[in-house]
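Beneath this line is the structure, given in structure tokens, with notes to follow.
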Amino acid sequence: MSRKEIDRYEVIKRVIRREINGTEASKLLKLSVRQTRRLKSQVKEKGAKGLIHRSRGRPSNRRLSEKERNRIAVLLHKRYPDFKPTFACEKLRECHKIVHDPKTIRAIQIKEGLWKPRRKKSGANHRSWRPRRSSYGEMEQFDGSYEYWFEDRGSRCCLLAAIDDATGKVTKATFGPHEGVVPVFTFWKEYLEERGKPRSIYLDKFSTYKMNSAVAKENHDLLTQFQRAAEELRIELISANSPQAKGRVERLFQTFQDRLIKEMRLVGVSTEEEGNTFLKTYLPKFNRQFCVEAINPTDLHSKLIQKELTKLPSIFSRQDTRTIQNDFTFSYDNTWYQLTKAQPVTVCKRDKVTVEQRLDDSVRIRLRGKYLAYEILPQRPKKICSKTWVLPKTLKTHRPAANHPWRKRFASQALVLTTAN
């Protein structure tokens, strides 16, 4: 008997001994008078056993048949041996039309040794809860996760993902070799072209995103390539002091490491290219299941104007500064460059130019907003004493059109002279 039934038995015995009446007993048991009277008659007839529910110890009328249970167990062992109960329940419903509660699947997994119940966490550190941002596009949480995403079918790679803080919607995710400047620039260039600019990006203090040296802490003008690009685009970068601070993207990777890996296993995805193609169909389905509605329905993404779209290749490029030598050459990435004679802007010796190494590996040299013409030298140039101090701006000669008013004036004078003669 349970503690509740023992307590009821003690109260009913007092009623039988007439120590209390039925009304008082019903108040003590929090039951109706009629129900208390029924329990009293059961105890008189069967004793304490009269309070035990008759279904106790009997198999449920709604239990699964052994045939159905064995069928589910075979599928779990064969196709979903490492799936969690909820995910296994979803795949059974989606792929095999087997519809059951996740608790039922969990019970079968425990019996078959495929799942071990988790122990409750003890005394975890308390962290204050931060409310979601109110609007879609107000803040994107961004990070990368290194994992064997294709298990033994491929090499270890990095999954870059951005999730909206207000809705929990995965706005973009791509597989790449690492979390360096080029993959991150490629990710955000495609993001801005597809959706526009978010108001802010919440990320960690990885070296791609933030200068962490002691010199950088003293000099706030030292920026990483990503910080410089975000500043040009007027996107605020927020650095998290702990993984828990950007918990939404961290939990996303936990979910992906459980679900996405197994989904790709089922369809045989084994390369980064195949994975990126698979994500295009997987993410909409994932978002329909897990994202929520924002408090404010306004989309705060800012669409790029044509001028900004034109400048994107320049903004998302690795930029460095070089000084023009006396012979109008400079070195970059173990290659020597020679500026040609014809230039769109005047170039002087010792001028500092900006070298842009773009995502397509092309190199551009910029000075005062203009791109300079150059040639690549096969070897380092010899030192010479040059008397040329500047490369003047190339001026284009302008020839007036045939119907220009200036030409018409002289043509009319010539006609008058011819007539007079």
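Bear in mind that the values in this text are calculations on the coordinates, not laboratory data. Computed from a predicted model, the values in this text were never measured in an experiment. Neighbour counts are summed over all protein chains in view; Cβ atoms, including those assigned to glycine, are modelled from backbone coordinates with ideal geometry.
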Apply the Karplus curve 6.51 cos²θ - 1.76 cosθ + 1.60, θ = phi - 60°, to the phi angles in segment 223-237 and return the couplings in whole Hz, x for Gly and Pro. 10, 6, 4, 6, 5, 5, 5, 5, 5, 5, 8, 6, 10, 6, 9
What residue among E45, E94, E190 shows peak mean-square fluctuation when the chain is described by a Gaussian network model with Cα springs under 10 Å? E45
Can you pull the one-decimal nm distance between simple spin-label points at R38 and T281, each 7 Å off the Cα toward Cβ? 5.6 nm
Expected unfolding gain across K349-E151 under the 0.36 nm per residue rule, minus the alpha-carbon gap, is 65.7 nm
Near K67, which lysines are there with a Cα under 18 Å away, not counting those fewer than 8 places off in the same chain? K78, K97, K111
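Tell me, what is the percent relative contact order of segment 3-51, built from C-alpha pairs under 8 Å that lie six or more residues apart?
Working: 35 pairs, mean separation 17.7, N = 49.
Relative contact order comes out at 36 percent.
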Exposure proxy check: F316, F256, F290, F278 ranked by fewest other beta carbons within 10 Å? F290, F278, F256, F316
Considering the options L75, G50, L312, tell which one lies farthest towards the positive end of the dipole of the chain, charges being +1 on Lys and Arg and -1 on Asp and Glu at the Cβ, about the Cα centre. G50
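With +1 assigned to the C-beta of every Lys and Arg and -1 to the C-beta of every Asp and Glu, and no other charges, what is the dipole magnitude of segment 243-300 about the Cα centre in debye, to the nearest 20?
Numbers: 9 positive and 8 negative charges, 43 e Å.
I would put it at about 200 debye.
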At what distance in nm do the modelled label points of C95 and S314 sit from each other, each positioned 7 Å from its Cα along Cα→Cβ? 5.1 nm
Cβ-placed point charges (K, R +1; D, E -1), dipole of the chain about Cα centre in debye, nearest 20: 2480 debye
Which pairs in the list K172/K205; K280/K303; K210/K307; K205/K280; K311/K349; K91/K280 are over 25 Å apart, alpha-carbon to alpha-carbon? K210/K307; K205/K280; K311/K349
Let's test the formula: R0 of 22 Å, r as the Cβ-Cβ distance of T394 and D333. What FRET efficiency results, to the nearest 0.05? 0.20
Identified option (computed volume of the Cα convex hull per residue in Å³; candidates [x] 321; [y] 157; [z] 141): [x]
Determine, for D299, D333, D360, the number of other Cβ atoms within 10 Å of each Cβ, and report the residues in order from fewest to most. D360, D333, D299
The answer for R133, listing residues at least 5 apart or on another chain whose modeled amide H is closer than 5 Å to its amide H, is A166
Starting at the first residue of segment 335-343, write each ³J(HN,Hα) from the Karplus equation 6.51 cos²θ - 1.76 cosθ + 1.60 with θ = phi - 60°, in whole Hz, x for Gly and Pro. 10, 9, 10, 10, 6, 7, 6, 7, 9
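Note down the net charge around S331, summing +1 for each Lys or Arg and -1 for each Asp or Glu among other residues with Cβ under 10 Å from its Cβ. Spell out each step's value before the answer.
Values: positive: R322, R380; negative: D333.
That sum, taken over residues with Cβ under 10 Å, equals +1.
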For K197, list long-range residues whose amide hydrogen, built 1.01 Å from N in the peptide plane, is under 5 Å from its own amide hydrogen. S302, K303, L304
Is any residue of segment 95-113 close enough, with backbone N under 13 Å, to a label point placed 7 angstrom from the Cα of T86 along the Cα-Cβ axis, and if so, which? 102-103
